[in-house]
Amino acid sequence: KIVSITKNYSYQDQVVQDFVNYANASGVVIKSIDFSANNASTSGTASSSSSSSSSTSATAAAKAPNGTKSISATITLNTPVAYDNLRDFIYRIEKNLFQMQISNLTLSSNKGTGGVVVDALTVTAYVR
């Protein structure tokens, strides 16, 4: 069972539980969730980027609503993972009621199994 080990954020356990539920529903396995690199703010900007091993990347900024805090989590998945399962997992994260966004995603292909290797997956959640 994956649980939060810090009490810095009251919503952290709910965020962890949501990640686990989405992973189970999508058929991906979470190895760990790390909140240690958190930069909490009452309002501000969050950068969103996407990259792949072919070095394509895009960056966009979104302003957090006033009165919210951002919680950043780095998720380590058991890889390789099937592309469709990963896509479903990402979809579920971004449609979450907590308003989560993928802020960093690094992928590469695994030619041996046909799956996708996820090198880094960082999610930012906005909570009150």
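The values are calculated or read from the model by the stated rules, or taken from the named source; none is laboratory data. Keep in mind the model is a prediction, meaning the values are calculated, not measured. When we count neighbours, we look across all protein chains shown, and the Cβ atoms used for this are built from the backbone with ideal geometry, even at glycine. Accessible surface is based on the protein model in full, side chains and every heavy atom, while ligands, DNA and RNA are left aside. Shrake-Rupley method; radii C 1.70, N 1.55, O 1.52, S 1.80 Å.
Observations, loosely collected:
- If the condition is being polar (S, T, N, Q) and either crowded, with 19+ Cβ neighbours inside 10 Å or assigned to a loop (DSSP other than H, G, I, E, B) (or both), then the stretch 106-120 contributes N110, T113.
- Single condition F89 does not satisfy, out of (1) assigned to a strand (DSSP E or B); (2) within 17 Å of V15 (Cα to Cα); (3) among the hydrophobic types (A, V, I, L, M, F, W, C): (1)
- Pairing each residue of the stretch 75-103 that is on the phi > 0 side of the Ramachandran plot with any residue that is open to solvent by 60 Å² or more (accessible area, probe 1.4 Å), provided the two are 6+ apart or on different chains, yields C-beta distances under 9 Å for Q99/P65.
Residue-by-condition table, conditions (1) loosely packed, with under 13 Cβ neighbours inside 10 Å; (2) at pLDDT below 90; (3) touching a Ser or Thr at 6+ places or on another chain (Cβ under 7 Å):
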| site | (1), (2), (3) |
| --- | --- |
| A23 | no, no, no |
| S70 | no, yes, yes |
| V81 | no, no, no |
| N104 | no, no, yes |
